[in-house]
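Heads up, the thing below is written out as structure tokens.
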Amino acid sequence: MYEMENMDKKHPVSELMRSTIEKIHELVDTNVIVGQPINTPDGVTLIPVSRVNFGFGSGGGDYGKAPKENFGGGGGAGVRIDPVAFLIIKDGVTRVLPVAAPPVTTVDRIIDMAPELMEKAEKFLDKKKAEKEQESV
């Protein structure tokens, strides 16, 4: 990976990447992940917790002999912020209140379907066994 410190500070690609990283830094900081505490009149403190995903890309090409001649470049970034939960603090006790039910995974679906699948498999095997018995009669 090419470190920012090793880049030529005057090259347009370096400036493009530096600008992109600075904008991401402005968008994503720790206050986005763990928000500012909210104090209610009845003595409850709520602290929002979020999940943050981000990515960026920059690139360019220098096609001339002079440093700033025939430069083409671009950069982009994306940020996704999903609320996850609230930390609720009251009378020294902290609880976690999820914002939404956890997503159902493939394993969860398989476990939920297991009894139905077992029943279907048993019926299928019973049917095959009955057919075999009739053939042997």
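The values are calculated or read from the model by the stated rules, or taken from the named source; none is laboratory data. Quick caveat: nothing in here was measured; it's all calculated off a predicted structure. Heads up, the Cβs are rebuilt from the backbone with ideal geometry, glycines too, and the neighbour counts pull from every protein chain shown. The accessibility values were calculated without ligands, DNA or RNA, using every heavy atom of the protein model including side chains. Shrake-Rupley method; radii C 1.70, N 1.55, O 1.52, S 1.80 Å.
Each label was represented as a point 7 Å from its Cα along the Cα-to-Cβ direction; for Ile81 and His25 these points are 1.9 nm apart. In this rough spin-label picture, where each label sits 7 Å from Cα along the Cβ direction, the Val52-Asp91 distance is 3.5 nm.
For region 18-137, the per residue solvent-accessible surface stands at 80 Å², with DNA, RNA and ligands left out and a 1.4 Å probe.
Number of Lys-Lys pairs in the chain with C-alpha atoms under 21 Å apart and a separation of 8 or more places or on different chains: 10. Charge dipole of the chain (Cα centre as origin; +1 on each Lys and Arg Cβ, -1 on each Asp and Glu Cβ, all else neutral): 180 debye, rounded to the nearest 20. Taking 7 Å steps out from each Cα toward its Cβ at Gln36 and Asp108 produces label points 3.4 nm apart. Solvent-accessible area assigned to carbon and sulfur over the chain amounts to 59 percent, based on a 1.4 Å probe.
Rounded to the nearest 10 degrees, the inclination of helix 106-136 to the longest alpha-carbon principal axis of the chain is 30 degrees.
Taking chymotrypsin sites (Phe, Trp or Tyr not before Pro) that fall in a DSSP loop and have at most 10 other Cβ atoms within 10 Å as cut points, what is the longest piece of the chain between them? No qualifying site falls inside 64-137, the longest such stretch. In the chain, taking the dipole from charged Cβ atoms about the Cα centre, the farthest positive-side position among Gly75, Gly64, His25 is held by Gly64. Computing Kirkwood radius over Cα pairs in Å for the structure here picks out one of (1) 21.5; (2) 15.1; (3) 15.6, namely (1). Based on Cα contacts under 8 Å between residues 6+ apart, the chain shows a relative contact order of 19 percent.
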